[in-house]
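Below is one structure, written out as structure tokens; the observations come after it.
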Amino acid sequence: MAQQIGFKCNRGVVRKNNEDACFVIPNKDVYIVADGVGGNNSGELASNTAVEKLANFVKENNIEECETPEEIFAFFTEAVDVANESIYRLGLKSLTNRGMATTIVMAYLYDGDAYITNIGDSRAYLYRDGHLKRITKDHTYVNELIDKGVITEGEAEHHKQKNVITKALGAEKGAEPDFYKVAIEGNDILLLCSDGLYGEVGEKKMASLMKHSNSMNDLTTRLVDEAIRAGGRDNITVICVRI
């Protein structure tokens with residue numbers, strides 16, 4: 001279903017190491033972004049383990065046999081469980097890795113729909129006809145405050161605890177992802193990204209860059225470059241898929 005794919009992972013300007021990871025499986029139409037959390041190198045280990053385990057699960061099992069949304073979401077629930085257990089066990093093995101975890105956002109394109117799996121604050125967006133719409137909902141402390149009416153979205157942008165996530169893969173024995181099903185059309189662009197992109201680049205600017213980019217490789221480069229120009233304070237990972 002994907003006509004063109006671009007992806008880029010950049011350390012940014014401030015961070016010494018890259019705790020983001022991404023993986024694309026074009027022949028299965030599966031795309032994964034992860035953003036690790038944890039001290040030392042454990043965030044990097046968590047995100048790389050996540051994409052490796054998720055990608056291996058997709059490659060080794062027949063997702064093509066899943067036809068209904070329920071079957072597809074059951075498939076990705078099992079994939080997430082496998083990855084979660086691996087990261088959780090690694091975290092228990094050594095004090096250095098204790099508490100490590102990662103966000104994930106994953107997309108599967110099938111029969112005119114995008115199936116999205118999400119844990120944490122990495123995001124999926126859909127660009128269509130000049131408009132960018134966010135698909136996923138962040139699992140963050142400030143988002144809970146927004147939902148409860150305690151703060152506004154504007155206040156959340158400058159909140160001291162805006163980077164505190166409330167769900168992550170590998171943080172606990174069990175994982176509870178959110179699932180989304182979105183209808184997609186020809187010429188749509190699906191964007192998966194870590195918070196290193198949207199934390200620096202506003203949605204209007206992202207939409208403007210998407211409007212003027214024909215190549216998905218060029219688009220991912222432009223998005224990452226814009227995030228770096230804006231400060232590049234975090235690792236930046238972007239996958240763009242044109243339908």
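No value in this document is a laboratory result; all are computed from the given coordinates. In this text, all values refer to a predicted model and were calculated from it rather than measured experimentally. FYI the Cβ positions are ideal-geometry reconstructions off the backbone, even for glycines, and counts take in every protein chain you see.
Side notes on the structure shown:
- Cα shape, segment 97-141, gyration tensor, a/c 1.5 rule: oblate
- The value given for segment 4-238 is a Kirkwood hydrodynamic radius of 17.9 Å, derived from the mean inverse Cα-Cα separation.
- Each peptide in 195-201, 127-133 was scored by the mean count of other Cβ atoms within 10 Å over its residues; highest first, the order is 195-201, 127-133.
- Segment 4-43 and segment 104-162 have Cα centres lying 18 Å from one another.
- Whole-Å semi-axes of segment 76-126's equivalent ellipsoid (Cα gyration tensor): 28, 12, 5
- Here segment 159-194 is scanned for amide nitrogen atoms under 12 Å from the site 7 Å beyond the Cα of N61 along Cα-to-Cβ, giving none.
- Pair M1, K211: separation of 7 Å Cα→Cβ label points (nm): 2.7 nm
- Pairs of Cα atoms nearer than 8 Å and 6+ residues apart set the relative contact order; for segment 129-190 it is 33 percent.
- Computed label-point distance, nm, for sites T221 and E85 using a 7 Å Cα→Cβ extension: 4.3 nm
- When the pairs K133/K204; K148/K205; K167/K205; K28/K137 are compared against a 20 Å limit on Cα-Cα distance, K148/K205; K167/K205; K28/K137 fall above it.
- Computed with the Debye formula from one identical point scatterer per Cα of segment 40-154, without solvent, the log10 of I(q)/I(0) at q = 0.11, 0.18, 0.19 Å⁻¹ comes to -0.48, -1.05, -1.10.
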